[in-house]
Amino acid sequence: MSTTYTIDTSTSRATPVSAPLKRLTIPAIRRQKGGTPLVMLTAYTVRTAQLLDPHCDMLLVGDSLGQVIYGLPSTVPVTLEMMAAHGAAVVRGSYHAVVVIDMPFGSYEGSPESAFDNAAFLLKQTGAAAVKLEGGTEMADTVRFLTRRGVPVMGHVGLTPQSVNALGGYGARGRTQEEAGQIIDDARAIAKAGAFAVVVEGVVEPIAIEITRAVECPVIGIGASATCDGQVLVAEDMLGMFERTPRFVKRYEDLAGRITAAAETYAAEVRDRTFPGPDQVYAPRG
């Protein structure tokens, strides 16, 4: 069932919408297979969600927050509690997009039963619509277990960042025939198990094209192919917040440069006492 959200514009600081909006649903996302490409970006905070939500079909609360927000060396140390806190913030800040939350490393691999317990925890704590987990054929039984119990699951194959230690780095996957075949089999297994969508990350383009044609659910590309059913990027990468980004990222802005310039101007005005000026101080009542 879809939910209609309203906000009290008399008390909301940001007032992101002026009228109720109907949030998209998992079935609506499924129906976009082969249609207008789906737009997905990451979000970790209320304000970011408010700004991105009107333009996205899905917002991903990615475990990439470990690196983007917390400065961790990889996504491996991210905890359920971290995901729950940021997931709840993104749900509060969005009124249109389907919110998908990553299950962090160690929260779903042990058994389908433990995966269900942790997925239920995340959905209850955040109000998100779905979870995302990494892995292929080895995770198919878990995906099937979750989906049969009412937990919508987005899969993730190809370059799987939680497996960085096993993979030996973040290089593109599928350059050998054996590896390419395994990635395609992984996507098919996850889709067949009931995933409503599958992220395909960091693979050579022919693999992404074949997967998109082979599975019935939408395929969301990141470093994959424009022929996928949708695309996702880390918002901070897309906005130019970092000097170094993966090869597949296109920077649509230079927020790092803009923020640096603004901070430099602010610091100069503080030091030469031109800030605060007359417009920023309170005059006595006359």
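The values are calculated or read from the model by the stated rules, or taken from the named source; none is laboratory data. Predicted model, so just to flag it, every value in this text is computed and none were measured. Cβ placement follows ideal geometry from the backbone for every residue including glycine, while neighbour counts extend to all protein chains displayed. Side chains are part of the model used for accessible areas, which takes the heavy atoms of the whole protein and leaves out ligands, DNA and RNA. Shrake-Rupley method; radii C 1.70, N 1.55, O 1.52, S 1.80 Å.
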> Only one of these conditions is not met by G240: (1) touching a strand residue (DSSP E or B) at 6+ places or on another chain (Cβ under 9 Å); (2) part of a loop (DSSP other than H, G, I, E, B). Which number is it?
Replying inline: (1)
>> Among the residues of the range 227-235, are any at pLDDT 95 or above, of a type outside the set (D, E) and over 18 Å from the mean Cα position of the chain (by Cα)?
In response: yes
> Which one of L59, L123 is in a helix (DSSP H, G or I) and closer than 19 Å to A195 by Cα?
Replying inline: L123
> So, in the range 205-236, of the ones that are assigned to a helix (DSSP H, G or I) and open to solvent by 20 Å² or more (accessible area, probe 1.4 Å), which residue ends up farthest from K33 (Cα to Cα)?
Replying inline: E236
>> Name the residue that is nearest to V76 (Cα to Cα), counting only residues in the range 133-178 that are modelled with pLDDT under 95 and of a type in the set (S, T, Y).
In response: S163
> In the list L72, L52, L38, which residue meets the criterion of being farther than 21 Å from A119 by Cβ, surrounded by 19 or more Cβ atoms within 10 Å (Cβ to Cβ) and more than 12 Å from the chain's Cα centre (by Cα)?
Replying inline: L38
>> Please go through the range 105-121 and give me each residue that is surrounded by fewer than 24 Cβ atoms within 10 Å (Cβ to Cβ) and either modelled with pLDDT under 95 or not acidic (D, E) (or both), ordered by number.
In response: F105, G106, S107, G110, S111, P112, S114, F116, N118, A120, F121
>> Which condition from (1) under 19 Å from D53 (Cα atoms); (2) free of Cβ contacts under 8 Å to residues at least 40 places away in the same chain; (3) in a loop (DSSP other than H, G, I, E, B) is the one that A85 breaks?
In response: (3)
